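Notes follow the structure.
The values are calculated or read from the model by the stated rules, or taken from the named source; none is laboratory data. Quick caveat, the model's predicted, so the values are computed rather than measured. Note: ideal-geometry Cβ built from the backbone for every residue, glycine included; neighbour counts use all protein chains shown. We work out accessible area using only protein heavy atoms, side chains counted, and drop any ligands, DNA or RNA first. Shrake-Rupley method; radii C 1.70, N 1.55, O 1.52, S 1.80 Å.
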Number of protein chains: 2
Amino acid sequence: MTHSFRKARETDLIDIIRLLADDDIGQGREFVTDPIDQRYQTAFAAIDADENQLLVVAVDQKDHVIGCLQLSFIPGLSRTGTWRGQIESVRIAREARGSGLGTAFIEWAVETCRARGCKIVQLTSDKSRTDSIRFYEKLGFTASHEGLKRSL
Amino acid sequence: MTHSFRKARETDLIDIIRLLADDDIGQGREFVTDPIDQRYQTAFAAIDADENQLLVVAVDQKDHVIGCLQLSFIPGLSRTGTWRGQIESVRIAREARGSGLGTAFIEWAVETCRARGCKIVQLTSDKSRTDSIRFYEKLGFTASHEGLKRSL
């Protein structure tokens, strides 16, 4: 399957929301509606306006969206003033799973972080996503940290 | 011990670096020098220029720095366009530990995230920091995720 990666456009939004919703954990907390829920449009605008956020889609040769992820570039003082790249909301369309797209997508994301000067790339994965965790470990990530969350 | 929390100023930078360095894990990767390593100054400027980053110090009644942390406010599409607050690089000065400062500092950080419209607050903690992890769990955080890191 031929694919490429590009910055998401507002016209991709409905496809991205469908990907976020088509997920065992995500399906209960996303709303796929026409027209698109205003909260997604507001969030897209905030991401798009922030030069340290990069929402990316993977597309097939017909420019159909088959994956998405968000990169956050975070400046920090720790580790002698190191920038961190953070990967969030990774989804691969069902029909594209097992094709190597996920590996290519994460490697592309890591290289994008490197090109932005990041010295570390980080992400969290729900502990119930055991396949995902193994996938990231194969790609050189180490599960060295607890990922702690508190809902407000 | 009376304390307050305020946005960090450039004149706090050496105290913050000392706090980052005075740590079992951090001591090997920070450089406390006079003058301050240029990389910290560059990182401070990047944090200060980014309205979605907030570097905060805890100070005593004489305005001496006794703690630090960084907040990142991250817009995202997941969870119906939810903003996340992320807490990073939390340090409490040795002389201030056990005083309740850490609890007050994290609660202040959580309320700051809430005031910015975040619906979730997240952080990662090295698995070897078992006391820290218990501390965050007592404050309502759940260690639901693996925190995966890859150095570049």
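A few points about this structure:
- The protein assembly as shown, helix-only ellipticity at 222 nm - DSSP H runs n ≥ 4, -39,500 (n - 2.57), divided by all residues, nearest 500: -9500 deg cm²/dmol
- Distances from residue B:94 to itself in the other copies, using label points 7 Å out along the Cα-Cβ axis, amount to 5.8 nm in increasing order.
- Exam field: residue A:130 pseudo-label spacings to other copies (7 Å along Cα-Cβ), nanometres: 2.4
- Orphan Cys of chain A, criterion: no other Cys C-beta under 4.7 Å: A:68
- Label spacing, shortest first and in nm, from residue B:114 to its equivalents in the remaining copies (7 angstrom along Cα→Cβ): 4.3
- Distant-in-sequence amide H partners of residue A:52 (H built 1.01 Å from N, under 5 Å): none
- With the simple spin-label model, which puts each label point 7 Å out from Cα in the Cβ direction, the residue A:108 to residue B:104 separation comes to 5.0 nm.
- Amide hydrogen neighbours beyond the local backbone of residue B:8, cut-off 5 Å, H modeled: B:55, B:56, B:57
- A straight chain from residue B:22 to residue B:130 at 0.36 nm per residue would run longer than the Cα-Cα distance by 37.1 nm.
- Heavy-atom accessible surface that B and A bury in contact, both chains counted, 1.4 Å, Å² to 100: 5800
- Formal net charge of residues neighbouring residue B:93 (Cβ-Cβ distance under 14 Å; K, R +1; D, E -1): -2
- Amide H contacts for residue A:152 (H built 1.01 Å from N in the peptide plane; partners 5 or more residues away or on another chain; cut-off under 5 Å): B:120, B:121.
- Accessible-area composition of region B:54-152, carbon plus sulfur, in percent [1.4 Å probe]: 48
- Looking at the protein assembly as shown, the accessible area is 46 square angstrom per residue; that uses a 1.4 Å probe and ignores ligands, DNA and RNA.
- 3J(HN,Hα) along region A:68-76: 8, 6, 10, 9, 10, 9, 10, x, x Hz, from the Karplus curve 6.51 cos²θ - 1.76 cosθ + 1.60 with θ = phi - 60°, whole Hz, x for Gly and Pro.
- Environment charge of residue A:5, counting only residues whose C-beta is closer than 14 Å and scoring Lys/Arg +1, Asp/Glu -1: -1
- Per the rotation superposing chains A and B, the chain A residue found at the smallest beta carbon distance from the axis is A:147, 2, distance in Å.
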